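> Provided herewith is a single structure, encoded as structure tokens, for subsequent inquiry.
The values are calculated or read from the model by the stated rules, or taken from the named source; none is laboratory data. Here the structure is a predicted model, which is why all the values come from computation and not from measurement. Neighbour counts run over all protein chains shown; Cβ positions are idealised from the backbone, glycine included. The protein model used for the area step is the full one, side chains on, heavy atoms only, and it has no ligands, DNA or RNA in it. Shrake-Rupley method; radii C 1.70, N 1.55, O 1.52, S 1.80 Å.
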Amino acid sequence: MGYISKATDVDNEKRIEQAERQRLWRRLLLAINGVAYFAWIGSQGLNQTGLLGWSPQEWSLIQTLSWPIWAISLGGVFVQMAWLRRNRQVTRLIDDERTAHVTRYAYQGGYWGLLLAVAAVYAATFFTQVDARVVLPLLLATGVTLNSFIYAWLYRG
Amino acid sequence: MHEVRLKNRLKDIRSARNLTQADLAVMAGVSRKTINTIENEVFVPSTLLALKLAEVLDCRVEDIFYLEGGSR
């Protein structure tokens, strides 16, 4: 059994712990990024509907608060990418073929989710007047957020 | 025609070598979750990873993976 080395047990555990910490960070950052993006862009559409009975000032406050959160979480994603580039041993324990599998699912889920959302908007045009200022930000936010959420969900464990 | 399923003995072979999932994950260069999902037959590995697992466990791919069911 030439390939099996018992001397690496502690290192293995340490690397796996590092990898799992990074995996948790990635999921957290993506989930925060998705929520913040929806709050920032999606609320620009919801703002027009008068939904929830919130005033334009309240919607404006949500947008003002959510875009820095989105920007910071995106920065966090880039920082993590840079860290992972310097730590290849940990990276290969995170970005393996199962990760590629999850990424494909996330893109497919995002594609079908967006397609359904567009179909729903199209169907709505038969019954009511659809305002582009409402639906376009919501469609954009849905397309971006869904990918992040599906990835974060499938990437658990 | 019956459905053919890919089964594996990865957990038995790994345990026989006193390796944890973490050890095998690091040796094969994949995540612990990947090893876990292969052992639970949730995730089907690529040929490349199957060969890599056989290599690090010092056995043949057929010792780890086998087909169950199906008609000939």
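> Can you spot a residue in region B:12-31 that is hydrophobic (A, V, I, L, M, F, W, C), farther than 23 Å from A:D95 by Cα, loosely packed, with under 12 Cβ neighbours inside 10 Å and within 11 Å of another protein chain (Cβ to nearest Cβ)? Give the steps one after another, and end with the answer.
Step one: filter region B:12-31 for residues hydrophobic (A, V, I, L, M, F, W, C), giving B:13, B:16, B:19, B:22, B:24-28, B:30.
Adding the requirement that they be farther than 23 Å from A:D95 by Cα leaves B:13, B:16.
Next cut, loosely packed, with under 12 Cβ neighbours inside 10 Å only: B:16.
Now restrict to residues that are within 11 Å of another protein chain (Cβ to nearest Cβ): B:16.
Yes, region B:12-31 has at least one match.
> Please go through region A:97-111 and give me each residue that is more than 12 Å from A:F149 (Cα to Cα) and either aliphatic (A, V, I, L, M) or not in a helix (DSSP H, G or I) (or both), ordered by number.
A:A100
Listed here are the residues, each with its yes/no results for (1) without any contact (Cβ under 8 Å) to a residue 40 or more places away in the chain; (2) farther than 30 Å from B:F43 by Cα; (3) open to solvent by 70 Å² or more (accessible area, probe 1.4 Å); (4) touching a helix residue (DSSP H, G or I) at 6+ places or on another chain (Cβ under 9 Å).
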| site | (1), (2), (3), (4) |
| --- | --- |
| A:L46 | no, yes, no, yes |
| A:G50 | yes, yes, no, no |
| A:G53 | yes, yes, no, no |
| A:P68 | yes, yes, no, yes |
| A:V77 | no, no, no, yes |
| A:Q80 | no, no, no, yes |
| A:L114 | yes, no, no, yes |
| A:Q129 | yes, yes, yes, no |
| A:L136 | no, yes, yes, yes |
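> Which condition does A:V130 not pass, out of (1) in a loop (DSSP other than H, G, I, E, B); (2) at pLDDT 90 or above, if it passes all the others?
(2)
> For region B:35-72, which residues satisfy the criterion of being closer than 22 Å to A:L24 by Cβ and more than 10 Å from the chain's Cα centre (by Cα)?
B:V42
> Sticking with this structure for a sec: Within region B:56-72, can you find the residues that are over 21 Å from B:N18 (Cβ atoms), in a helix (DSSP H, G or I) and open to solvent by 50 Å² or more (accessible area, probe 1.4 Å)?
Let us first name the residues in region B:56-72 that are over 21 Å from B:N18 (Cβ atoms), namely B:61-62, B:65-72.
Next, from what is left, pick out any that are in a helix (DSSP H, G or I): B:61-62.
Correct list: B:E62 only.
> Which residues, counting only those in region B:37-55, are open to solvent by less than 50 Å² (accessible area, probe 1.4 Å) and within 20 Å of A:A100 (Cβ to Cβ)?
Result: B:T37, B:I38, B:E39, B:F43, B:P45, B:S46, B:L49, B:A50, B:L53.
> Further question: Go through region A:54-96 and give me each residue that's among the β-branched types (V, I, T) and within 14 Å of another protein chain (Cβ to nearest Cβ). If you could, list the steps in order and put the result at the bottom.
At the first step, the residues of region A:54-96 found to be among the β-branched types (V, I, T) are A:62, A:64, A:69, A:72, A:77, A:79, A:90-91, A:94.
Within region A:54-96, A:V90, A:T91, A:I94 meet the criteria.
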